[in-house]
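The values are calculated or read from the model by the stated rules, or taken from the named source; none is laboratory data. Just so it is clear, the model here is predicted, and its values are computed rather than measured. With ideal geometry, Cβ positions are generated from the backbone for all residues, glycine too; neighbour counts draw on all protein chains shown.
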Amino acid sequence: MDDLASLLHGRYGLDLKTDAPLNPTLQSILNHRSCRSYLDRSVDDELLQVLLACAQSAPAKSNLQQYSIVVVRDPDRRSRVADLVPGLSPWFEKAPVFLAFLGDVRRIRRLAEKRGHDYANNNADTFMNAAVDAALAMQNFIVAAESAGLGTCPISMIRNRIDEFAEILNLPDGVFPIAGLTLGWPDWGGMPSVRLPQSIVVHHETYDDGALDTEIEAHDDRAHDRKPIKPGSQRHTDRYGVLEKCTWSENATRQLSEPERAHFTAFLKSKGIELK
Ligand SMILES: Cc1cc2nc3c(=O)[nH]c(=O)nc-3n(C[C@H](O)[C@H](O)[C@H](O)COP(=O)(O)O)c2cc1C
């Protein structure tokens, strides 16, 4: 087992002193990395069933469980999904399993009708609860898969062409994708990607983001030292150019300088989901 100090160094690029106890769950979570390279090896149904049970073991708002998961193994269907995300070729198609994690407000609506009750919560709060339920289930799935030696990568890019994606999976009213997830046996070790330090992300007692200005440059340097952002991964180079050192904060702010997926609200509306 790696020692805790090396795991924390992997996560933050910082030397942190600690005597906290380590166990295999903490080790696996601290070692997380998204996997974008897979072996030509299938994932058996029994293992998948256990991983799905782990996903369903996540907490859910009021235990309403407002999410669904579609498991896609069929190569033709996976290739139709792959066509929607050409930037992820060829590793995306190599993953033997693709899962779609979906917010699902349809199930309770159907049950309300069946039981003769009004349904009075087609609103932003329900949307948020369903999205959070689906995200927690996906994260539990990721942790479980990684603990079994599998690799995963969440895919929000499927939302770039969300209408076509919904058609491929036959998503009905009240069901919306939060993200896809590739699953397979990793063909690579990779390095953990450096996270923002706790001094920026974690606030004690009350919110205070005073450390951002003083700490962000050091974070940018650590992230760059771990894995420089290559020209091909630098955002909107037509507008901002290619930089020899394109830092995390430069690339993140470049990314959000242009609207992403402006069609999403219209998609939700088309599925009968209101954000009132
Ligand atoms: C909701 C969500 C959507 C994501 N979508 C994509 C995606 O479309 N394509 C991709 O290559 N990675 C995607 N990722 C993976 C992130 O890029 C990755 O988690 C992040 O860079 C941190 O790296 P790590 O997971 O290896 O620690 C997504 C992650 C999340 C949580």
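The table below lists the values:
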item: Neighbours by Cβ (under 8 Å, 6+ apart or cross-chain): first from the stretch 87-98, among the hydroxyl-bearing types (Ser, Thr, Tyr); second part of a helix (DSSP H, G or I) and buried (at least 18 other Cβ atoms within 10 Å of the Cβ); result: 89/82
item: Enumeration of residues in the stretch 69-109 that are away from the ligand (no atom under 16 Å from the Cβ), in contact with a strand residue (DSSP E or B) (Cβ under 7 Å, 6 or more places away or on another chain) and more than 24 Å from residue 185 (Cα to Cα); result: 104, 106
item: Some residue of the stretch 105-117 being in the same structural domain as residue 42 (by TED's automatic domain parsing), free of Cβ contacts under 8 Å to residues at least 60 places away in the same chain, in contact with a Gly (Cβ under 6 Å, 6 or more places away or on another chain) and surrounded by 13 or more Cβ atoms within 10 Å (Cβ to Cβ); result: no
item: Whichever residue in the stretch 51-70 is surrounded by fewer than 13 Cβ atoms within 10 Å (Cβ to Cβ) and of a type outside the set (Gly, Ala, Ser) and, among such residues, is farthest from the chain's Cα centre (by Cα); result: 63
item: Sole exception among (1) closer than 30 Å to residue 42 by Cβ; (2) in contact with a Pro (Cβ under 9 Å, 6 or more places away or on another chain); (3) without any contact (Cβ under 8 Å) to a residue 12 or more places away in the chain for residue 237, by number; result: (1)
item: Scope the stretch 173-193; condition in contact (Cβ under 8 Å) with a residue 12 or more places away in the chain, more than 9 Å from the ligand (Cβ to nearest atom), part of a loop (DSSP other than H, G, I, E, B) and out of contact with any Ser or Thr (no Cβ under 8 Å at 6 or more places or on another chain); matching residues; result: 173, 174, 185
item: Single residue of 160, 122, 140 found to be polar (S, T, N, Q) and outside any helix (DSSP H, G or I); result: 122
